[in-house]
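Single-structure report; data block below.
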Amino acid sequence: MELLQTNAELATWRSLHAPPFLVPTMGALHDGHASLIRKASEAAVAAATPAPCIVSIFVNPTQFNDPKDLARYPRTLDSDLAMCRAAGAAAVYAPTADEIYPQGQAIETPPLPPVAFLPSLEDGHRPGHFAGVAQVVLRLFRLIDPCAALFGEKDWQQLQLVTALAAAHHPSTAIIPCHTIREPDGLAMSSRNRFLSPSDRVRALSLSRALSVAQCEHSPDAAESAMRRVLEEGGAQTEYAVIRDARTLTRPREHDAPPPAWRALIAARVGSVRLIDNAPWQSV
Ligand code: AMP
């Protein structure tokens, strides 16, 4: 496996290979990331024109709206490289910020699709976050020009955003969604879980519990109330706990036809850690 740290190294590597399968990450890799890398590596081998799998590791400063969150984001390159190698990656691109955002060059921010601007979801709590995500994703797509990029359903709203962005601005890259990988007790794996104290680790289970309790409710309103109750009783502070159209992430009005698929989405704080999770939902 090759480690590429500059755009010049990346360009040389790219000139020798077919358009790769890309797994974009911010590092601090866990088994959720490994599942994406394994899936990309398998797809890469099985492709009509065999292609390599490349993982990007870059803690993107422009998507953090809290400087303290950026400063404490875990950076674990050595163990990340071992995990990428074990999961079958052919290369890791781990650039500095100057490679991604060269000094003196304006950072391109594409027009964002409506799914980025829903005040009751991420945008209401992390304003500017999705502009940063769009910046880095498009930059990576332009530098790497992958045939496909794999993203986790764990970040459901981000997945909808990236799917719309790629269709509008980089249609040669297909977006492949990947299921959320969980700990045996249900907690969705996240690089931030390592910051949970033992008691907060127990409280954090209220997110996956709330998503399963919501499955027993017959209406979006009842499901939302049930999720908020479970989160509150479990000691998590709810930012949002909502049932939405799975694609547009809007809430259909009372007389609208139900959407083809619903999604339950949660963001909550447990101690100092902000956690998100989501699951399909359907009315029983
Ligand atoms: P991150 O490093 O947090 O930016 O995540 C990189 C990619 O891994 C994103 O596409 C995430 O959605 C995905 N991811 C993060 N956690 C999980 C998980 N538990 N299961 C599956 N994919 C995940």
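Quick rundown of the values:
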| item | result |
| --- | --- |
| Count of the range 161-185 residues which are in contact (Cβ under 8 Å) with a residue 60 or more places away in the chain and within 12 Å of the ligand (Cβ to nearest atom) | 5 |
| Qualifying residue in the range 147-155 (condition: free of Cβ contacts under 8 Å to residues at least 60 places away in the same chain and over 17 Å from Ala264 (Cα atoms)) | no |
| Matching residues in the range 5-23 - criterion: being aliphatic (A, V, I, L, M) and either closer than 16 Å to Cys147 by Cα or within 16 Å of the ligand (Cβ to nearest atom) (or both) | Leu10, Ala11, Leu16, Ala18, Leu22, Val23 |
| Answer residue from the range 165-175, given it is surrounded by 18 or more Cβ atoms within 10 Å (Cβ to Cβ) and not hydroxyl-bearing (Ser, Thr, Tyr) and is nearest to the chain's Cα centre (by Cα) among those | Ile175 |
| Candidate set: the range 186-200, residues that are over 21 Å from the mean Cα position of the chain (by Cα) and of a type outside the set (Gly, Ala, Ser); chosen: the one nearest to the ligand (Cβ to nearest atom) | Asp200 |
| Criterion violated by Asp123 - all others in (1) more than 16 Å from the ligand (Cβ to nearest atom); (2) closer than 19 Å to Cys178 by Cα; (3) charged (D, E, K, R) satisfied | (2) |
| All positions within the range 232-284 that are aliphatic (A, V, I, L, M) and over 22 Å from the mean Cα position of the chain (by Cα) | Ala257, Val284 |
| Selection status of Leu118, over 28 Å from Thr49 (Cα atoms) and of a type outside the set (Lys, Arg) | yes |
| Where Arg85 falls short, out of the listed (1) at pLDDT 95 or above; (2) of a type outside the set (Asp, Glu); (3) buried (at least 18 other Cβ atoms within 10 Å of the Cβ); (4) more than 16 Å from the ligand (Cβ to nearest atom) | (3) |
| The listed residue being under 15 Å from the mean Cα position of the chain (by Cα) and of a type in the set (Ser, Thr, Tyr), out of Thr49, Thr25 | Thr25 |
| The range 141-160, residues that are part of a helix (DSSP H, G or I), under 15 Å from the mean Cα position of the chain (by Cα) and more than 17 Å from Phe64 (Cα to Cα) | Glu153, Lys154, Trp156, Leu159, Gln160 |
| Out of Val133, Val137, sole residue that is within 27 Å of Ala261 (Cβ to Cβ), within 16 Å of the ligand (Cβ to nearest atom), touching a strand residue (DSSP E or B) at 6+ places or on another chain (Cβ under 8 Å) and at pLDDT 95 or above | Val137 |
| Condition check for Ala257: farther than 26 Å from Ile37 by Cα, of a type outside the set (Phe, Trp, Tyr) and surrounded by fewer than 16 Cβ atoms within 10 Å (Cβ to Cβ) | yes |
| Residue, farthest from the ligand (Cβ to nearest atom), within the range 24-70, restricted to residues that are hydroxyl-bearing (Ser, Thr, Tyr) and surrounded by 20 or more Cβ atoms within 10 Å (Cβ to Cβ) | Ser41 |
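The values are calculated or read from the model by the stated rules, or taken from the named source; none is laboratory data. Computed from a predicted structure; not experimentally measured. As a convention, Cβ positions derive from the backbone with ideal geometry for all residues, glycine included, and neighbour counts pool all protein chains shown.
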